[in-house]
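Here is the structure we will look at.
The values are calculated or read from the model by the stated rules, or taken from the named source; none is laboratory data. Here the structure is a predicted model, which means the values were calculated and not measured. Heads up, the Cβs are rebuilt from the backbone with ideal geometry, glycines too, and the neighbour counts pull from every protein chain shown. Protein only, heavy atoms only, side chains kept; ligands, DNA and RNA dropped before computing areas. Shrake-Rupley method; radii C 1.70, N 1.55, O 1.52, S 1.80 Å.
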Amino acid sequence: MKKFLLIIFLMVGAILPQTVSAQQIPMQIIDHSGASSGPTYAPPRPWYMTQNDYTLTMPAFEDDFTLVLLDEDGVVVYTTYVPAGTTMIVLPSTLSGDFEIRLVGDTYYYRGYLTL
């Protein structure tokens, strides 16, 4: 009886779908519009981008952005236009590794880090 229950338990565990938990990516704003000699780091309203495999979700913004992925050496490996109101971005599945992600506006950008 114990063997039967163990077999049932193992079969159910193998049949249940594997769930991937979404990861929160904190985004920091880098503002270059100030009169200071360098960029100012100000968290006016922190927000998170959610990563679920190659799909990124975020709140809708009123501004257009350019999404830029930089590899560990700071080389741009992917870029795409993100129109205002966009809440989901699907990255190419050919990318893998650790990246800095930037959503670039006119005089500022949001920065975070992700692993694909």
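Key figures
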| quantity | calculated |
| --- | --- |
| The lone exception for Gly112 - which of (1) open to solvent by less than 40 Å² (accessible area, probe 1.4 Å); (2) under 21 Å from Ala22 (Cα atoms); (3) small (Gly, Ala, Ser); (4) without any contact (Cβ under 8 Å) to a residue 60 or more places away in the chain it fails | (4) |
| Identity of the residue in region 86-109, in contact (Cβ under 8 Å) with a residue 24 or more places away in the chain and of a type in the set (Val, Ile, Thr), that ends up most open to solvent (accessible area, probe 1.4 Å) | Val90 |
| Matching residues, region 51-85, being within 14 Å of the chain's Cα centre (by Cα), open to solvent by 60 Å² or more (accessible area, probe 1.4 Å) and under 15 Å from Val104 (Cβ atoms) | Thr79 |
